[in-house]
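Each value in this text was obtained by applying a stated rule to the coordinates, not by laboratory testing. In this text, all values refer to a predicted model and were calculated from it rather than measured experimentally. All Cβ positions, even for glycine, are placed from backbone atoms using ideal geometry, and neighbour counts span all protein chains on display.
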Amino acid sequence: MTKRLILGHAVVAASCAANLLAVAAAAAVPTSSQVEGVLLSSSGGPAADGNYALTLQLLDGPTGAAVWSEANVTVAVKGGQFAVAAGAKTPLSAAVLGGDRWLQVQVGTDPALPAVPVRSVLQALRAGVAEGLECSGCVKAAMLDAAVLQGYAKSTDLNGYAKASDLSGYAKTADLGAYAKTADLSAYAKIVDLSDYVKATSLAKVAGTGSYSDLANLPVLVKTGTSCGTGLVMKGIKADGSYECVSGSIDASSLPKDGLDEISNGLLTNQFKEIASSIKMPLDIADAFPAGVADEIVVPDWGTAQSVSVSLDLSNSDISKLKVTVYDPQGKAYVLHSLSGSGTAIKTTYPDATAPVSGDFAAWVGNNPKGKWSISVADTAGVGGGLDGKVNSWTIEVKVMSSQKAAVTKGLQLVPASAAPVPCLPSNMGTLYFDITSKTLRYCDGANWRSLADTCGNGILDQTEQCDDGNNANGDGCSSTCVAAVGLIKANPGKTCLDVIDAWKTAGETPPKDGKFWITAPKGQVVQVECDMSSEGGGYTYLAVDSGKTTSRSTDDNTCKDYGMDIFYPRSKAQWTWVLAKFGAGYFATIPGVTKPGNGGNYTGCAMRNPTSYGSGCSDWKVPDGGRWWLRDSTYGEPNGDYDGNCWLSMYNHSAGDIQFNDGNCSYATTKYLCSTNDKK
């Protein structure tokens, strides 16, 4: 079946409506038109050679009514080209050709093809009208310009006549027959074949591609003054003159998945050659064992395969007795070698260097070859029970278009920056930049910018670091270069917790928080102590003793004195609250530090605190350094008189709001207590 029609020239000559000369002359005007064109098949090439039946119609406009029709016109088609005389059966006439005429062609029973406009050469038919004109009386005197007659009617000859107002009596009919010859157009208008004037187009020279699709439809005017619209660009012009518009943007769907190297000038790629190898090599080959020895390789999820190959390296006394088969994860067999060849070794790659006997690895292109691959090597001849050669190695090689990684094929430059380009937040984890200040590559771990040049700031203390607090920030006691502030490490101890605070302030560090710090005790030992860095501005030092020397009074020896310290003195309610929360009641079987030198005395009428520091209290009681001390802000029923000088009071309610104790004649002792430098008195 034909697909479409391409018209070349439609040349029509037909009779006229009126007579210029004789009727016989008018009848000589041809009433047919030469129509040339090309028939195309549905594939775009020329229609098959042979005879075709056409129906021709002239329409009043591109979709108007038919004003002339001629059916069952048989044409011979060769190489897709044909020519037919339209009007040979049903003559054409001037009336038919008047107006906006379009020629429509129908091939056989196919739907009629789109109409094409009748070109100006068809309108030459209208010249035939001149032959039917009667000239008598058709040209009046008023129609003639005097200048036309100037050469024939001399002005001097008219002087005698041109005096009367009415010249009709003298104005004789001009016989112009000798001068104005009737234009004999019939010699030209009678030509049927205008090939002398309009050369037929050689379609073979125009359709150089061999396909006639580039001649489809006659040229039309481009529909100017229009646009494709927002976000669209013009790709081309359609057959009807309208624009062919496409999206003006490029998205991922328009790019090839393996085109990273092309769009990066070869600097990036997501195509890799991955190799999975057996870990059981070498593998002995059993002699005369048709069942074969086997091994397997698990191919990881590398991505979409662009090729799959198998490399094999084995030795045997006679490879013509071997059969080697590989099985893919779906159980399909690929016979690599089968009882052929000569020699004692096989070392090749299938199918890159050697074609398999059967099976096509190309079936894996576009698929993911992940899973278990296995190999079977069977020696079909020899002596049973023995060994003959080895499989030295075998590998699965996959060229993949990865969806998991990309590679830089040349150098990768990070533009130097003096500050991080974005905040190091979980959303920016993995971001890199080159720190121009430290000359190091830094990466965001989701919270801190870390350096790839060293391990400082990774939270792991190594031999080159004094500290590693998990970041590269300054001001937190561990610097960006992992140097520790005073008290953080044993190698750089403070003197007391109060001394640590002062040292950090001097170094511009943020004040330290509660925790463990190293100090050099008054007697020189470097010990790790617990520092209260918050109560009353911080600076209290505590060393816990769990099994120390037994003490029942302030004048006894105790373990604290071995460090040049003393049992701690409670200075305030805030301090006592912190100590109790940190260490618990177990370290306070007795009230530490607070005693009086004399026996007895009833002190139930005064609050147990230093009156010098708090404005009122029990003045006979004190701590060894004479500083402030505190047990209660209100009076209590003890001590009530049974006290022995310098002895510890027992404690049985430790709450800071209601500390309760008993004097008890020095009957209370303890081996568990806190030592302190007792600063901030």
In what sequence do L113, L580 fall when counting other Cβ within 10 Å, fewest first?
-> L580, L113
Whole-Hz Karplus couplings 3J(HN,Hα) for the range 315-330, θ = phi - 60° and coefficients 6.51, -1.76, 1.60, Gly and Pro as x, run 10, 6, 5, 7, 5, 6, 9, 9, 10, 10, 10, 10, 10, 8, x, 8
For T348, which sequence-distant residues (separation of 5 or more, or a different chain) have an amide H within less than 5 Å of its own amide H, given hydrogens modelled in the peptide plane?
-> L312
List every residue whose amide H lies under 5 Å from the amide H of G515, counting only residues 5 or more places away in sequence or on a different chain, with H placed 1.01 Å from N in the peptide plane.
-> C531, M533
At a Förster distance of 60 Å, what's the computed FRET efficiency of S480 paired with N367, Cβ-Cβ distance as r, to 0.05?
-> 0.75
Most exposed first, judged by fewest Cβ atoms within 10 angstrom, F583, F517 run F583, F517
So the FRET efficiency between R553 and T635, C-beta based with R0 = 35 Å and rounded to 0.05, is 0.90
Pairwise Lys count, the range 271-407 - Cα closer than 22 Å, eight or more residues apart or different chains = 25
Express the relative contact order of the range 271-407 as a whole percentage, based on alpha carbon pairs under 8 Å and six or more residues apart in sequence.
-> 48
Here the FRET efficiency for A88 versus T230, based on Cβ atoms and R0 = 56 Å and rounded to 0.05, is 0.55
What distance in nm separates the simple spin-label points at K505 and T109, each placed 7 Å from Cα in the Cβ direction?
-> 10.9
Which value, in debye to the nearest 20, describes the size of the charge dipole of the range 604-681 about its Cα centre when Lys and Arg Cβ atoms bear +1, Asp and Glu Cβ atoms bear -1, and nothing else is charged?
-> 320
V357 paired with I237, simple spin-label distance in nm, labels 7 Å along Cα-to-beta-carbon | 6.5
Label points 7 Å out from Cα along the Cβ direction at K347 and S393: separation in nm?
-> 1.0
Output ordering of 59-70, 527-538, 565-576 (per-residue mean of other Cβ within 10 Å, highest first) is 565-576, 527-538, 59-70
